[in-house]
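For reference, the structure is listed below as structure tokens.
The values are calculated or read from the model by the stated rules, or taken from the named source; none is laboratory data. Computed from a predicted structure; not experimentally measured. Cβ sites come from the backbone with ideal geometry, for glycine too, and all protein chains shown count toward neighbours.
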Amino acid sequence: MDDDYRKDSRKDSRKDSRNDSRHDHRNGFRDERFDERLDDRLYDYRTELAGLIERHSSRDGLNETAIPGVVCYRESAPGRATPTVYGPSLCVVAQGRKQVMLGREIYRYGPFEYLAVSVDLPTIGTVTEAAADRPYLCLKIDIDLKQLSELVLSTERAFSESAQGLFVGRLDEQTKESVLRLARLLDAPDDIPVLAPMMMREVCYRVLRSSYGNAVAQIVLKGSNLQRIASAIRRIRSDLSRPIKVKELAEIAGMSLSSFHAHFKSVTAMSPLQFQKHLRLMEARRIMLSAGADAANAAYRVGYESPSQFSREYARMFGNPPARDISLLRQQEPPPSALAGVG
């Protein structure tokens with residue numbers, strides 16, 4: 001990446017911030033871009049990881065693998081915005097670039113970086129750099145919360161309070177190697193039952209030991225603000241058709257009303273009502289796309305009393321009224337799952 005491109009990138013970031021009131025996260029903890037003038041070792045690493053992902057991606061979009069909790073994601077062209085509910089996971093990029101919007105905040109990441117998600121979050125992701133002969137390639141690794149909890153207890157490290165539900169991290173040497181070892185198992189299916197659990201555990205351990213360990217550990221630290229907010233998120237997701245009472249959510253989180261509002265927005269970049277609305281609209285889209293329901297039925301099932309309000313908010317989020325949006329989605333090749341965008 002040359003100097004002019006880096007300058008333009010920073011200029012675009014400032015322009016987004018001024019015009020759209022969006023916070024542009026180039027990296028979870030700093031603004032500098034990773035210099036991609038690769039030495040041979042880094043080039044070999046990226047080439048091998050990208051090759052493994054592409055070899056096990058039979059089509060654009062999600063590609064399940066033989067390793068439980070590991071998914072390959074490929075996209076051959078930029079520009080398709082994909083609403084997604086991320087669960088706790090690491091999305092490691094091998095090739096291309098992507099941005100994810102959470103509320104009004106934008107997170108951009110590329111090779112040698114990863115998107116880390118600690119709690120269930122509704123986002124809109126867009127691949128920004130990809131081509132047919134050089135597709136966007138990503139390895140998504142689910143975070144096993146029970147395993148993470150065991151590692152936090154066994155790790156001789158004091159974790160300080162952090163309230164990031166999503167961030168972009170840069171792979172250190174140890175984490176790069178552990179991710180590559182896990183990916184190599186895709187070519188050795190007979191080894192997966194024995195080795196995959198250990199290698200998934202190693203990846204999790206390496207992230208905990210990295211400079212981003214505090215942010216990842218919070219979800220399992222008893223009494224942490226992130227864990228408390230996660231309990232409120234689980235309550236919201238358990239029944240989207242039910243109107244939420246913010247006071248009740250604050251009680252579930254064990255916080256005062258003002259403290260809950262502040263911490264909820266810190267983790268999710270939106271208010272509880274906005275958060276529920278995003279989830280409702282994404283779920284309605286999934287129902288229409290997967291179950292063939294019409295807009296009125298989908299709206300009712302996710303808690304909307306007014307079909308016209310549902311249609312307005314749906315068009316505002318997805319760019320088209322429900323019927324047209326679903327029709328366009330079904331014409332895409334391959335047709336996407338409503339919540340399947342990862343990486």
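Of note:
- Taken over the range 189-228, the residue count meeting the criterion of being touching a residue at least 40 places away in the same chain (Cβ under 8 Å), surrounded by fewer than 16 Cβ atoms within 10 Å (Cβ to Cβ) and part of a helix (DSSP H, G or I) is 2.
- The residues on offer are Ser241, Ser178, Ser231, and the sole one that is closer than 21 Å to His261 by Cβ, out of contact with any Ser or Thr (no Cβ under 8 Å at 6 or more places or on another chain), among the small types (Gly, Ala, Ser) and not assigned by TED's automatic domain parsing to the domain that holds His278 is Ser231.
- Matching option when the condition is crowded, with 21+ Cβ neighbours inside 10 Å and at negative phi, among Lys146, Lys140: Lys140
- Restricting attention to the range 298-325, the residues that are aromatic (Phe, Trp, Tyr) and surrounded by fewer than 19 Cβ atoms within 10 Å (Cβ to Cβ) total 1.
- Check on Lys277, surrounded by fewer than 22 Cβ atoms within 10 Å (Cβ to Cβ), over 22 Å from Leu145 (Cβ atoms) and at pLDDT below 95: no
- When residues of the range 229-252 are limited to those that are in a loop (DSSP other than H, G, I, E, B) and in contact (Cβ under 8 Å) with a residue 60 or more places away in the chain, the one nearest to the chain's Cα centre (by Cα): Leu240
- Only one entry in Met288, Met255, Met270 is part of a helix (DSSP H, G or I), in contact (Cβ under 8 Å) with a residue 12 or more places away in the chain, of a type outside the set (Phe, Trp, Tyr) and out of contact with any Ser or Thr (no Cβ under 6 Å at 6 or more places or on another chain), namely Met288.
- Condition broken by Leu148, with the remaining ones in (1) out of contact with any Cys (no Cβ under 9 Å at 6 or more places or on another chain); (2) not in a strand (DSSP E or B) satisfied: (1)
- Qualifying residue in the range 121-143 (condition: more than 26 Å from Leu49 (Cβ to Cβ) and either in a loop (DSSP other than H, G, I, E, B) or without any contact (Cβ under 8 Å) to a residue 24 or more places away in the chain (or both)): no
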